[in-house]
Amino acid sequence: MAETQKEIKKLSDCNGSISEFLQVGDLVDGEIVDYFLNVLPPATWTASLIQMGEAMDYVNGKTTYLTLRKGSEGWEYAGTCHRGQTKNLVSIYEQIQQCKRDHASIPAQSNGQEAWICGHPWGVGVRYYPIGTGSIGMREETQDGFVVLLEELGVH
């Protein structure tokens, strides 16, 4: 059985934000590698790791950087990672946006309850509360830790 070769993303195909163009695990061409090195002095540059010089976000109190890592197939996009690391860290904003997409089809209100996007110790999710009882920043203690209401689902 023949292995399929992954597509290599090319800078010439990027028509906007490079962080929106690339997905974690994408192989990248030499022009993208050069872009990471030359757009600003890199935050990290080793034989197997390049991090763009501008901080992208703050996760757990530390800055994150767009990151390329050298793999067996070449340079690949690792996402937004802490300096010197290759673990992709998803910002709270990205988690909220993903939660909205994942739950777009559920009702914002049902049976006297309204849906809220909440931050849990394990990530972002949706919980229902009686209408009018939730507010942004409200905290609820659970056996697993605090849940914080971040945004009412369906309210823009």
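Derivation of every value follows stated rules applied to the coordinates shown; laboratory data play no part. Here the structure is a predicted model, which is why all the values come from computation and not from measurement. Heads up, the Cβs are rebuilt from the backbone with ideal geometry, glycines too, and the neighbour counts pull from every protein chain shown.
Lysine pair count for the chain (Cα-Cα distance under 25 Å; residues 8 or more apart in sequence or on different chains): 10. The phi-based Karplus calculation (6.51 cos²θ - 1.76 cosθ + 1.60; θ = phi - 60°) puts the 3J(HN,Hα) values of segment 96-109 at 5, 4, 5, 4, 4, 5, 5, 10, 4, 8, 8, x, 5, 9 Hz, whole numbers, x for Gly and Pro.
You can think of it this way: the chain between residue 140 and residue 59 has 26.9 nm of extra reach, that is 0.36 nm per residue less the Cα-Cα gap. Only Cα pairs under 8 Å and 6+ residues apart enter the sum, and on that basis the relative contact order of the chain stands at 13 percent. Calculated from the alpha-carbon coordinates, the chain shows an Rg and a Dmax of 19.6, 59 Å respectively. Taken along its three principal axes, the alpha carbon spread of segment 92-152 comes to 27, 24, 18 Å, from the longest extent down to the shortest.
Determine, from the Cβ-Cβ distance of residue 88 and residue 133 and an R0 of 35 Å, the FRET efficiency 1/(1 + (r/R0)^6), rounded to the nearest 0.05.
Details: r = 36 Å, r/R0 = 1.01.
My answer for the efficiency is 0.50.
Fewest-first ordering of 120, 82 by other beta carbons within 10 Å of each residue's beta carbon gives 120, 82. For segment 8-82, taking Cα atoms only, Rg and Dmax work out to 11.5, 35 Å respectively.
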